[in-house]
Amino acid sequence: YIVQPSNYFKDKYKLVMASTLVDINKLSTCKVRVLNPMDVEVTLRQKADVGREELIKRIVSVIAEEEPEKVKQKHGQLRNVFEVSSTQTKLHQFMDQPIPDHLKDLYEKSVDDKSQEQQRSVAALLCKFGEAFSKNEWDVGLTNVAEHSID
Amino acid sequence: KRVTVADDVKISGLTEALLDVYIE
């Protein structure tokens with residue numbers, strides 16, 4: 001059979017499912033590849049209706065019979081396709097550095113009701129991206145405050 | 001036939017997963 005996402009699945013979950021060729025005589029369950037392209041965790045409940053199958057009578061060719069051995073041992077585990085650790089490591093380099101003068105006001109406004117650790121993170125973030133903000137009215141920087149009327 | 005999730009599963013953001021499903 002070929003398993004494909006149902007319209008209900010496409011509408012309800014912000015997930016992408018790959019159409020997968022399965023042999024239901026091999027195992028009681030089949031594995032289909034799902035990608036979560038969004039930044040939020042998605043929970044799928046047991047028995048959730050996620051797809052439909054279609055009987056394939058004749059297979060012309062199969063590109064790969066199964067997952068590579070390494071991946072096979074990690075069934076059910078999730079693989080990151082987006083690495084964030086390098087950014088986080090770099091941010092640590094800016095921890096406990098003095099906040100640039102032109103961002104002190106922004107920092108004070110940003111850290112209300114935040115924990116000590118969060119305040120340190122905000123300070124490090126502002127230090128890291130300090131050059132992105134205008135230092136004074138003559139410095140356009142990478143961002144600029146502009147006023148315009150709304151029709 | 002319906003294709004249903006075999007067990008509760010959480011899929012983190014920006015990841016891909018192999019999902020166990022039943023074909024009922």
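Out of the range B:7-24, which residues are under 15 Å from A:LYS31 (Cβ atoms) and crowded, with 17+ Cβ neighbours inside 10 Å? Answer for the range B:7-24, where residues must be under 15 Å from A:LYS31 (Cβ atoms) and crowded, with 17+ Cβ neighbours inside 10 Å: B:VAL9, B:ILE11, B:GLU16, B:ALA17, B:LEU18, B:LEU19, B:ASP20, B:VAL21, B:TYR22, B:ILE23.
Restricting the first member to the range A:125-139 and to residues that are of a type in the set (A, V, I, L, M), and the second to residues that are surrounded by 11 or more Cβ atoms within 10 Å (Cβ to Cβ), the beta-carbon pairs closer than 6 Å and six or more apart or on different chains are A:LEU126/A:ILE99; A:LEU126/A:LEU103; A:LEU126/A:TYR107. For the range B:1-15, the set of residues classified as of a type in the set (D, E, K, R), part of a strand (DSSP E or B) and under 11 Å from the mean Cα position of the chain (by Cα) consists of B:LYS10 only.
Among the residues of the range A:1-15, those identified as outside any loop (DSSP other than H, G, I, E, B) and closer than 17 Å to A:ARG58 by Cα are A:ILE2, A:VAL3. Taking the range A:16-59 as the range and being among the hydrophobic types (A, V, I, L, M, F, W, C), in a loop (DSSP other than H, G, I, E, B), more than 7 Å from chain B (Cβ to nearest Cβ) and under 24 Å from the mean Cα position of the chain (by Cα) as the test, only A:ALA18 passes. Could we say that A:TYR13 is more than 7 Å from chain B (Cβ to nearest Cβ) and surrounded by 15 or more Cβ atoms within 10 Å (Cβ to Cβ) here? Judged against the criteria, A:TYR13 is a match.
We did not get these values from a lab; they are worked out from the coordinates using the rules stated. Quantities reported herein were computed from a predicted structural model and do not represent experimental measurements. Cβ sites come from the backbone with ideal geometry, for glycine too, and all protein chains shown count toward neighbours.
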